[in-house]
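Everything below concerns the one structure shown next.
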Amino acid sequence: MNYKKELEDLILNVIRQNGSDLHLGAGRVPAIRVSGELIFLTKNPILQANDMTNFLSEMLDQKKIDKFMENQELDFSYDFRGEARLRGNAFFQKGLICITLRLVPKVKTLEELNLPPILGDLARKKQGFFLVVGPVGQGKSTTLSAMINLINNEQARNIVTIEDPIEHAYIPHKSIISQREVGIDTRDFHTALKSVFREDVNVIMIGEMRTPETVSAAVTAAETGHLVLSTLHTNNASQTIDRIIDSFPGYQQDQIRSQLSSSLLGIFSQRLIPKITGGLIPAYELLLNNNAVSNLIREKRTHEIDVVIETGTESGMVDLNHSLIDLVRAGEISIENAYQFSLNPKGLKRMI
């Protein structure tokens, strides 16, 4: 088998069907995910153990293969003909190799992504801490890429991204953009973050907040004149704040609470909802930090933040249920999917 051609054909299949992911595993046929649904490529032969080893050899150099065999899992990126990038994860199950590849969408504008213009206003801020949150596969990295590219196209800034692995590749326009990949360009997120203080950086994009040390360095950077953008795997704004604070030992929580209350710009939580006409469209919640929110964070009353979002429409905040209802009324999504993706179905029912 020509493994390079076979891999390219499978990736092209994902692209042609507007899919998002490719799943390869020994003992089963390949599968792709399209509009949230898995489709098994039953016309393809069942993959064998040696097929998986050869696919890996097409995507990784020997150093990374050795690292994978040692750690038994690996995150990586793969450039497809210079036309597309994929984020990969290789792992073992029952002693057999599996690979998941996610197609990284090309960098788009906020308008093309159906995202609110206020994200552009936040991207133009000189300093502060802004988070995009949501479950895996909900477009967080794509949203951040649109914000980074807006800065790149409008302002002369020094931008550093710290990622594991690098996903969207940017072409510098008005800005300097340095993209650092953990494990290749830097040892870890925390080390790279400490380094940016000596690199005359304006904007820092952190692929994911994984440790308290990374969070602490990011918040400190936001306090000291940097715009810091990052992601977290949380469901909504109030849960995000609690998750950040709870990740620290008790004796440090008051300090991080105080820092967060002053440095936070906002939290954007998003979901990709299947459209009636096919494809996906985002529904979202947006928390903007103001005096009321800052006081709630400082006074350990984050459970009241949801109410502030619901009543903060005039100041630019967006409640997820209102976003879902707007999509239903516009004929974009079904009421069934609105209920499925709502975090407060009873509240949604009262709005209908």
The correct pair for region 3-104, radius of gyration to one decimal and Dmax as a whole number, both in Å and from Cα atoms, is 12.8, 35
Please report, to two decimal places, log10 I(q)/I(0) for region 69-204 at q = 0.21 Å⁻¹ as given by the Debye formula with identical point scatterers on the Cα atoms and no solvent.
-> -1.45
Burial order of peptide ranges 202-211, 174-183 (average beta-carbon count within 10 Å, highest first) | 202-211, 174-183
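Restricting to bridges with both residues inside the chain, how much of the DSSP beta-bridge set is antiparallel, in percent to the nearest 5?
Roughly 60 percent of the DSSP beta bridges within the chain come out antiparallel.
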Using a cut-off of 19 Å between alpha-carbon atoms, which lysines can reach LYS349, once sequence neighbours fewer than 8 places away in the same chain are excluded?
-> none
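Quick one: net charge of VAL104's neighbours, Cβ under 9 Å, K/R +1, D/E -1?
+3
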Which value results for Rg/Rh of region 245-312 when Rg is the Cα radius of gyration and Rh the Kirkwood radius based on the inverse mean 1/r?
-> 1.13
Rounded to the nearest 500, what is the 222 nm mean residue ellipticity of the chain from helices alone, with -39500 (n - 2.57) per DSSP H run of 4+ residues and division by all residues?
-> -11500 deg cm²/dmol
So who's got an amide H within less than 5 Å of the one on ILE97, skipping anything under 5 residues away but keeping other chains? H placed 1.01 Å off N, in plane.
-> ALA26
From the cross-link list LYS125/LYS275; LYS4/LYS108; LYS94/LYS194; LYS94/LYS346; LYS108/LYS275; LYS108/LYS346, which pairs have alpha carbons spaced over 31 Å apart?
-> LYS125/LYS275; LYS94/LYS194; LYS94/LYS346; LYS108/LYS346
Long-range amide H partners of ILE281, meaning residues 5 or more apart or on another chain whose placed amide H is closer than 5 Å, are ILE273, LYS275
Least to most buried among GLU70, GLU310, by other C-beta atoms within 10 Å and fewest first, runs GLU70, GLU310
Using only alpha carbon pairs under 8 Å that are at least six residues apart, calculate the relative contact order of region 166-310 and give it in whole percent.
-> 17 percent
Would you please state the base-10 log of I(q)/I(0) at q = 0.09 1/Å for the chain, with intensities from the Debye formula using one equal scatterer on every alpha carbon?
-> -0.54
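Do you know the relative contact order of the chain, to the nearest whole percent, from alpha carbon pairs under 8 angstrom that are 6+ apart?
On the way: 628 pairs, mean separation 43.9, N = 352.
Relative contact order, the chain: 12 percent.
FYI, it's all coordinate maths here, none of it is from the lab. Computed from a predicted model, the values in this text were never measured in an experiment. Heads up, the Cβs are rebuilt from the backbone with ideal geometry, glycines too, and the neighbour counts pull from every protein chain shown.
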